[in-house]
């Protein structure tokens with residue numbers, strides 16, 4: 001098999017892997033590339049966080065594990081350096097025994113080569129595909145595979161971003177519909193409950209105490225909670241004498257309450273008007 005035939009074989013193998021896998025994520029892509037190219041693979045987001053990675057077996061590095069694997073990101077100086085490159089940087093040699101991840105720290109391994117490929121989609125820089133291995137430089141064939149992989153990663157990132165936006169729109173709409181179904185007093189009851197939770201997304205509250213403090217009847221508070229629970233915005237469980245456990249499962253609830261018309265102090269305003 002000549003070089004061109006081997007390259008086509010590997011590209012087709014990568015395509016078959018993508019098309020036949022039940023679930024594709026960046027970790028499985030990194031693992032596939034790592035095995036095919038016999039190198040460590042890091043799929044880095046634009047902010048430096050790791051979307052996925054696969055470490056070449058047999059090369060243990062405590063500094064790498066502490067800085068990258070546990071933190072799930074690469075150092076800022078390296079990410080900034082890679083983002084400055086709009087073109088692939090191929091076979092960047094290790095400087096002596098210097099560690100690429102830690103400035104001024106010696107690496108226990110020498111003769112290492114790095115290659116990074118920008119991940120770009122629709123002219124937008126989405127991150128970087130970083131590959132490293134020892135002794136053997138990356139061949140033209142390897143670079144073509146990495147560039148092909150970076151294009152696939154870019155498309156997958158765009159697809160996931162679009163999916164996340166769609167999910168956000170769905171969740172926001174659910175909250176808007178749920179709040180629109182509430183009466184004025186019921187919305188005020190929800191605001192009072194969220195105020196009691198503070199900056200927490202869950203907690204045990206006593207509805208009778210909230211009713212006393214807000215001037216809203218307990219039955220209105222209970223009805224309001226039932227309505228937004230049925231919409232899947234919160235979870236509510238009675239704990240008997242201890243109170244009611246409430247968990248916010250749709251994070252757009254607070255935002256929509258804050259962005260809408262404020263009802264929290266309507267009773268106080270009406271009282272002041274009546275007394276004036």
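Evaluate E = 1/(1 + (r/R0)^6) for residue 124 and residue 242, where r is the Cβ-Cβ distance and R0 equals 35 Å; express this FRET efficiency to the nearest 0.05.
Numbers: r = 51 Å, r/R0 = 1.45.
With R0 = 35 Å, the Cβ-Cβ based efficiency is 0.10.
For region 3-161, restrict the atom set to alpha-carbon positions and state the Rg and Dmax in Å.
15.0, 44
Using only the alpha carbon atoms of region 25-119, find the Kirkwood hydrodynamic radius as the inverse mean reciprocal pair distance, in angstroms to one decimal.
When all Cα pairs of region 25-119 are included, the Kirkwood radius is 13.8 Å.
Quick check: the distance between the Cα centres of region 10-36 and region 223-251, to the nearest angstrom?
Result: 43 Å between the Cα centres.
With runs of 4+ DSSP H residues as the only contributors, calculate the mean residue ellipticity of the chain at 222 nm using -39,500 (n - 2.57) per run, divided by the residue total and rounded to the nearest 500.
Rounded to the nearest 500, it is -15500 deg cm²/dmol.
Mind giving me the FRET efficiency for residue 57 and residue 23? R0 is 41 Å, r the Cβ-Cβ distance, nearest 0.05 is fine.
That pair, residue 57 with residue 23, gives E of 0.95.
Simple spin-label model, 7 Å along Cα-to-Cβ: residue 36 to residue 148 in nm?
0.6 nm
Take the Cα of residue 204, step 7 Å along the line toward its Cβ, and report every residue of region 213-255 whose backbone nitrogen sits under 18 Å from that point.
Only 235-248 fall inside the zone, counting backbone N under 18 Å.
Give me the angle, in degrees from 0 to 90, between the Cα long axis of helix 184-197 and the longest principal axis of the Cα atoms of the chain, rounded to the nearest 10.
Around 60 degrees separate the two axes.
What does the extension gain come out to for residue 16 and residue 139, with contour length at 0.36 nm per residue minus their alpha carbon separation?
Numbers: separation 123, 0.36 × 123 = 44.28 nm, distance 2.24 nm.
Stretched fully, the residue 16-residue 139 segment lengthens by 42.0 nm.
Note down the nm distance, to one decimal, between modelled labels 7 Å out along Cα→Cβ at residue 167 and at residue 183.
It is 3.7 nm.
Roughly what angle does helix 26-37 make with the longest principal axis of the chain, taking Cα atoms, 0 to 90 degrees, to the nearest 10?
The helix 26-37 is inclined about 10 degrees to the chain.
At 1.002 mPa s and 20 °C, plugging the Kirkwood radius over alpha-carbon pairs of the chain into Stokes-Einstein gives what diffusion coefficient in µm²/s?
Numbers: Rh = 23.0 Å.
Result for D is 93 µm²/s.
Quick one: helix 140-180 against the long Cα principal axis of the chain, what's the angle to the nearest 10°, folded into 0 to 90?
0 degrees
Bear in mind that the values in this text are calculations on the coordinates, not laboratory data. Worth saying up front: this structure is predicted, and the values here are computed from it rather than measured. FYI the Cβ positions are ideal-geometry reconstructions off the backbone, even for glycines, and counts take in every protein chain you see.
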